[in-house]
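One structure is given here, and the rest of the page talks about it.
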Amino acid sequence: MPKINTKYHRHAWEGYETATDDKGTWSQDSGMVKFYKSKPWRKLRQFILSREPLCRSCKKQGKYVSATVVDHIKPIRLGGDRMSEDNLQPLCRSCHNSKTAKESNETNTSGSRRRLKR
């Protein structure tokens, strides 16, 4: 029987992958998991994606790629508003992962957040 990859878990309710650490535990606390599963978030996420279906970052580069993730422009952990439309942007998975990695590296250099091994 094939071994299941414990590095990433795909969730139908959110449409993107949630990173785990080497032990297979979630990188977010349970409060964040509950937030992303909440009905208000899922409705707002769907509204953002229906209003702006293309990746904002790719569109700036002249590419037309479908957005699959709603990203917090200012991360919640840095004080960004969770439910403000002004703090949300639609991104494709690739752009979201690049942005998140860049933010993780920036906060990691200040020592405020541990970077996950992938």
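The values are calculated or read from the model by the stated rules, or taken from the named source; none is laboratory data. In this text the structure is predicted, and so the values were computed from the model without any measurement. A quick note on method: Cβ atoms are made from the backbone with ideal geometry, for glycine too, and the neighbour counts reach across all protein chains shown.
Tabulated data
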quantity: Close pairs from region 91-118: first closer than 18 Å to Q61 by Cβ, partner among the polar types (S, T, N, Q) and modelled with pLDDT of 55 or more, Cβ under 7 Å, at least 6 apart; calculated: L91/S57; C92/S66; C92/T68; R93/T68; C95/S57
quantity: Unique residue being outside any helix (DSSP H, G or I) and not hydrophobic (A, V, I, L, M, F, W, C) when the list is K74, K43; calculated: K74
quantity: Selected residue [assigned to a loop (DSSP other than H, G, I, E, B), of a type in the set (D, E, K, R) and at pLDDT below 95] from K23, K34; calculated: K23
